[in-house]
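Rule-based calculations on the coordinates, nothing more; no lab input. On a predicted model such as this, the values are computed, not experimentally measured, just so you know. Counting neighbours? That spans all protein chains shown, and the Cβs are built from the backbone with ideal geometry, glycine included.
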Amino acid sequence: LEKISNHDEL
Amino acid sequence: MNIFRFAGDMTHLISILVLLLKIYATKSCSGISLKTQELYAIVFVARYLDLFTDFISVYNTVMKLVFIGCSLAIVWCMRLHRVVRRTYNKDVDTFRHYFLVLGCFLLALFVHEKFTFQEVLWAFSIYLEAVAILPQLVLLQRSGNVDNLTVQYVFFLGAYRAFYILNWIYRYLTEPHFGRWIASVAGLVQTALYADFFYYYFISWKNNAKLQLPA
């Protein structure tokens, strides 16, 4: 499951 | 995760694999800017500091490790590999990239999301990535026509950032609180830097000629 963090992009 | 971002990550991965393939297959790094590769290694190390602190997803962690590993491997290859390093032509790779590092770091000190160590380095890595291609583009212009793999490398890098812009538009439209201005603005600047390269790439592809960049 993906945690929505502010920097969830690469 | 949306299709634009996934496509962007995949084209980014392809660009790095194309570069590794070129260096490994031809045992040569002619036409490649070591300075751009060093800047990318700094970008990934500075951005993925949260690798061990924030777990976002398996995909995210694996891709970060791949990007850091490949970018360091490319720099190692170009600097230390006994065969490849001899093909590095440092007198055409003359861009003073340390000014880019300094400028981006100073900008990150003033423009960031939060004034914390990790956030300032994150903003620094975003700014640095936007300009990291400059030494490579200067080298391409200086060396005139270049081999296809290097051209494809730059093309996939540009495509990755263009997909990310579509991703930011998509997320802006679908996620209420989404506001990632630092990355979006820097990403636009980065894609604009590629624009002229894309133009000449398209022209050469249309005329089925080798890429000729204006000196």
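Would you mind checking the tilt of helix B:34-47 against the longest principal axis of the Cα atoms of chain B, expressed as 0 to 90 degrees and rounded to 10? With both axes taken from Cα atoms, the answer is about 10 degrees. Annotation: aspartates and glutamates with alpha-carbon distance below 16 angstrom to B:Lys64 (same-chain offsets under eight excluded): A:Glu2, A:Asp8, A:Glu9, B:Asp9, B:Asp50, B:Asp54, B:Glu129.
What relative contact order, as a whole-number percentage, does chain B give when Cα pairs under 8 Å and 6 or more residues apart are counted? Dividing the mean separation by the residue count of chain B yields 31 percent.
For segment B:1-112, what does the alpha-carbon gyration tensor say about shape, rounded, prolate or oblate, given a ≥ b ≥ c as the root eigenvalues, a/c under 1.5 as rounded, and a/b over b/c as prolate? Oblate is the answer for segment B:1-112, as a/c is 1.5 or above yet b/c matches or exceeds a/b. Classification of segment B:64-137 by its C-alpha gyration tensor yields an oblate form. The axis ratio a/c (a ≥ b ≥ c) is 1.5 or more, and b/c is at least a/b.
Of B:Ser125, B:Ser57, B:Ser15, B:Ser143, how do they rank once you tally other Cβ atoms within 10 Å and put the fewest first? Final ranking by Cβ density, sparse to dense: B:Ser57, B:Ser143, B:Ser15, B:Ser125. About its Cα centre, the dipole of chain B is roughly 660 debye, where the only charges are +1 on Lys and Arg Cβ and -1 on Asp and Glu Cβ. An oblate overall shape is assigned to segment B:103-215, the ratio a/c of its alpha-carbon gyration tensor axes (a ≥ b ≥ c) being 1.5 or greater and a/b not exceeding b/c.
Listing B:Ile56, B:Ile42 from fewest to most neighbouring C-beta atoms within 10 Å gives B:Ile56, B:Ile42.
Which pairs in the list B:Lys90/B:Lys206; B:Lys90/B:Lys114; B:Lys22/B:Lys206; B:Lys27/B:Lys210 are over 28 Å apart, alpha-carbon to alpha-carbon? Checking Cα-Cα distances, B:Lys90/B:Lys206; B:Lys90/B:Lys114 exceed 28 Å.
Counting other Cβ atoms within 10 Å as a rough exposure proxy, the listed residues B:Trp168, B:Trp76 run B:Trp76, B:Trp168 from fewest neighbours to most.
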